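A.B. asks: Mind looking over this structure? Questions follow.
The values are calculated or read from the model by the stated rules, or taken from the named source; none is laboratory data. Just so you know, these numbers come straight off a predicted model, no measurement behind them. Quick reminder, even Gly has a Cβ in these numbers, built from the backbone with ideal geometry, and neighbours come from all protein chains shown.
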Amino acid sequence: MGSLINYIIRRVLFMIPVFIGVTLFTFLIGNAAGNPINLIRLAFKGTLPQNVYLQLVAYYHIGENPLIRYLYYLWDLIHFDLGLSITSQRPVASEIGPWVWTTLYLQLSALALALLIGIPIAIYSARHQHSKSDTTITGIAIFGYSTPTFWLGIIFIYIFSFYLRVLPSSGAVSAITPWWGNWTLDRIAHLILPMTVLTYVQLATIIRLLRGNLLEVLKQDYILAAMASGLKERAVIYGHALRNAITPIITIIGLSLGASLAGAPGLETAFSWPGLGYEFTQAALALDIPTVLGITVIISVMVLVANLATDLVYGFLDPRVRVS
Amino acid sequence: MEDLLKVEDLRTYFFTEAGVVKAVDGISLDVRKGESHGLVGESGSGKSVTALSVMRIVPKPGKIVGGKISFDGTDLLTLKEDDMRRVRGSKIAMVFQDPISSLDPLYTVGKQLIEAIRANNETVSKEQARDMAISLLSNVEISEPERRFNQYPHELSGGMKQRIAIARALARTPTLLFADEPTTNLDVTIQAQVLNLMKDLKKNFNMTLVLITHDMGIIAEMTSRVTVVYAGQVSESAETHTLFYHPTHPYTEALLKAVPRLDKRKQLQSVGGNIPNLIDPPTGCRFHPRCPYAIQICKEKVPDYEEVETDHFVACHRWKELSLVGVQ
Ligand SMILES: Nc1ncnc2c1ncn2[C@@H]1O[C@H](COP(=O)(O)OP(=O)(O)O)[C@@H](O)[C@H]1O
Ligand SMILES: [Mg+2]
């Protein structure tokens with residue numbers, strides 16, 4: 001237990017320099033894109049009053065060296081102050097809140113569903129290696145693995161929304177009360193298409209990797225030894241084989257969640273899903289630099305947290321990684 | 001003495017993409033109650049697969065395709081899987097060759113022992129199982145059993161892991177123990193300790209032992225009877241003493257020549273050539289391509305398994321005319 005706590009502390013401390021690196025990089029890129037005041041001025045079409053202008057100069061610490069300005073930005077950041085959105089003139093932090101939730105709710109439900117379906121399929125496939133069903137499963141998985149989400153999204157929208165007209169093609173919820181009058185059903189109907197696309201792609205990753213690891217693990221003597229001690233086959237498969245096969249994949253699932261968050265602009269834009277990715281595209285088109293910066297920082301932080309969670313789960317599952 | 005385990009004409013094949021690997025192709029084995037029976041042969045000759053077949057845990061794509069296995073009067077091959085599971089661990093147990101991979105790296109020693117103790121046996125409470133696990137650890141002469149109980153396999157030495165694997169096999173005091181090359185992957189000094197431990201445990205737990213090895217030295221040290229297998233078939237079977245002094249199969253003679261001897265400063269000879277491909281094995285006697293005494297009939301006809309004398313059997317066309325050299 002002591003080693004587990006030690007490991008957690010090490011992982012958390014390790015996040016600090018990574019966090020600083022990521023936010024500094026984002027901040028410098030964002031600044032290279034343009035001076036926020038000029039952009040605000042553009043938005044006001046030259047009618048920006050002088051006193052507001054001076055306030056903005058002080059607010060953004062214009063004229064200071066970029067590193068000093070980064071420190072101010074960081075200071076604000078840890079107080080959840082991400083500046084003002086240029087398009088809505090509201091604090092970026094309060095705008096982003098609901099978007100984070102909308103993105104997470106899509107991403108996490110897809111991941112959970114992919115694990116729920118993927119684990120039994122991978123087990124079945126590994127235990128029936130080279131059978132017809134195994135070959136079919138592997139083929140479908142390879143297809144999903146090599147397909148970009150936004151492309152699959154467009155195909156799905158074409159089939160289910162335009163051709164079959166059974167599911168909504170965009171947004172997370174209807175603008176007006178749907179004819180069946182039930183908002184929960186309405187949300188689910190909107191979730192189905194983007195979630196299916198995302199689940200399919202993650203499912204493909206999970207099945208491909210888990211099947212491969214299971215085939216390796218099932219050859220190990222500890223599996224035979226567990227069978228030889230009289231355990232039920234189910235107990236051996238779920239207690240020993242699955243746990244050993246999935247542990248190294250935890251890292252990859254964590255990374256793929258990160259990649260999936262980073263790839264959210266493509267998928268969310270295809271479905272006009274009002275999450276971080278979609279809003280990122282909107283803000284970038286409107287040259288709303290504080291919002292773009294804010295979203296980038298939040299996505300980076302989410303990726304960091306996903307990685308930390310991954311490391312912790314891994315450390316919890318595998319005693320060998322705790323020692324270092 | 002009566003037979004505890006009787007294997008007759010066992011056939012276990014692996015249906016691989018490259019072809020059907022006839023890993024065990026007609027092995028017969030009589031193990032008597034209370035004895036230490038050696039199963040010897042070069043690596044790849046089907047010893048492990050024989051043990052796995054008796055326990056009915058042959059991994060895919062392997063399958064038992066023929067033969068009969070009776071244990072203590074029960075026909076194991078016709079048992080339902082649920083009933084067979086109750087035999088595993090409680091009547092027949094097995095220790096594997098590689099202690100590094102035979103313990104699950106993700107669970108503590110204690111968890112794995114308790115799991116074995118409570119398999120099909122939920123009437124034992126967790127606390128009782130814990131006490132039993134600790135006493136098993138003392139049985140296999142592990143110091144500080146309380147501390148080891150909470151350790152993970154990667155924190156232990158190879159010798160200690162093998163002792164723990166042995167403890168797990170003994171968890172429900174089986175009648176028959178298969179020890180599959182239990183010391184092959186250990187240092188020489190540790191090997192001797194583990195073999196001595198196995199001798200003591202066999203006596204204390206009143207077990208019958210089938211010791212699998214490719215090392216004739218260990219056979220001499222540990223067993224009273226022995227079955228020699230070559231390429232998935234039995235070539236000779238006898239009391240250990242008889243086999244060493246009066247071998248009747250050329251393969252046995254070759255194995256004996258390959259034993260390093262401390263008392264003779266003779267060059268160590270290995271058995272010349274390689275074990276044959278088991279997908280497409282040689283015709284006739286499978287040993288004929290490597291046999292210095294092979295004649296035409298050996299290539300053409302499979303030899304019968306004949307009785308040389310009481311308790312001594314051989315599968316060789318020429319056993320009557322050859323006078324082979326055993327240990328002198
Ligand atoms: N899982 C498997 N798939 C295919 N062939 C196997 C498998 N396990 C064992 N075999 C084959 O069975 C033969 C006998 O193996 P084994 O019983 O392990 O030999 P031994 O224990 O005598 O060294 C070998 O030729 C090996 O290639
Ligand atoms: Mg073997």
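A.B. asks: Would you check which residues across region B:112-128 are more than 10 Å from chain A (Cβ to nearest Cβ) and modelled with pLDDT of 95 or more and list them?
C.D. replies: Result: B:114, single match.
A.B. asks: Just checking, does region A:291-308 include any residue being farther than 28 Å from residue A:195 by Cα, in contact with a helix residue (DSSP H, G or I) (Cβ under 9 Å, 6 or more places away or on another chain) and either surrounded by fewer than 21 Cβ atoms within 10 Å (Cβ to Cβ) or more than 14 Å from chain B (Cβ to nearest Cβ) (or both)?
C.D. replies: No: zero hits.
A.B. asks: Report yes if some residue within region B:38-46 is away from chain A (no Cβ under 14 Å), touching a residue at least 12 places away in the same chain (Cβ under 8 Å), away from ligand 2 (no atom under 16 Å from the Cβ) and within 20 Å of residue B:240 (Cα to Cα); otherwise report no.
C.D. replies: First pass over region B:38-46, keeping only residues away from chain A (no Cβ under 14 Å): B:38-46.
Imposing the further condition that a residue be touching a residue at least 12 places away in the same chain (Cβ under 8 Å) reduces the set to B:38-46.
Then drop every residue that is not away from ligand 2 (no atom under 16 Å from the Cβ), which leaves none.
No.
A.B. asks: Could you look through region A:62-97, keep only residues that are among the aliphatic types (A, V, I, L, M) and touching a residue at least 40 places away in the same chain (Cβ under 8 Å), and pick out the one that is surrounded by the most Cβ atoms within 10 Å (Cβ to Cβ)?
C.D. replies: Ranking the qualifying residues of region A:62-97, first place goes to A:92.
A.B. asks: How many of the residues in region B:85-94 are part of a helix (DSSP H, G or I) and either within 16 Å of ligand 2 (Cβ to nearest atom) or surrounded by 19 or more Cβ atoms within 10 Å (Cβ to Cβ) (or both)?
C.D. replies: Summing the residues that are part of a helix (DSSP H, G or I) and either within 16 Å of ligand 2 (Cβ to nearest atom) or surrounded by 19 or more Cβ atoms within 10 Å (Cβ to Cβ) (or both) in region B:85-94 gives 2.
A.B. asks: Further question: Of the residues that make up region B:183-196, is at least one within 14 Å of chain A (Cβ to nearest Cβ), within 16 Å of ligand 1 (Cβ to nearest atom), farther than 23 Å from residue B:241 by Cβ and touching an Asp or Glu at 6+ places or on another chain (Cβ under 7 Å)?
C.D. replies: yes
A.B. asks: Further question: Could you please find all residues in region B:92-103 being under 20 Å from residue B:174 (Cβ atoms) and within 7 Å of another protein chain (Cβ to nearest Cβ)?
C.D. replies: B:93, B:94, B:96, B:102, B:103
So that you can scan it fast, the table gives a plain yes or no per residue for (1) of a type in the set (A, V, I, L, M, F, W, C); (2) without any contact (Cβ under 8 Å) to a residue 60 or more places away in the chain:
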position: A:222; (1), (2): no, yes
position: A:234; (1), (2): no, yes
position: A:255; (1), (2): yes, yes
position: A:269; (1), (2): no, no
position: A:272; (1), (2): no, no
position: A:275; (1), (2): no, no
position: A:286; (1), (2): yes, no
position: A:303; (1), (2): yes, yes
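A.B. asks: Is it true that residue A:237 is part of a helix (DSSP H, G or I), closer than 27 Å to residue B:115 by Cβ and more than 7 Å from chain B (Cβ to nearest Cβ)?
C.D. replies: Judged against the criteria, residue A:237 is a match.
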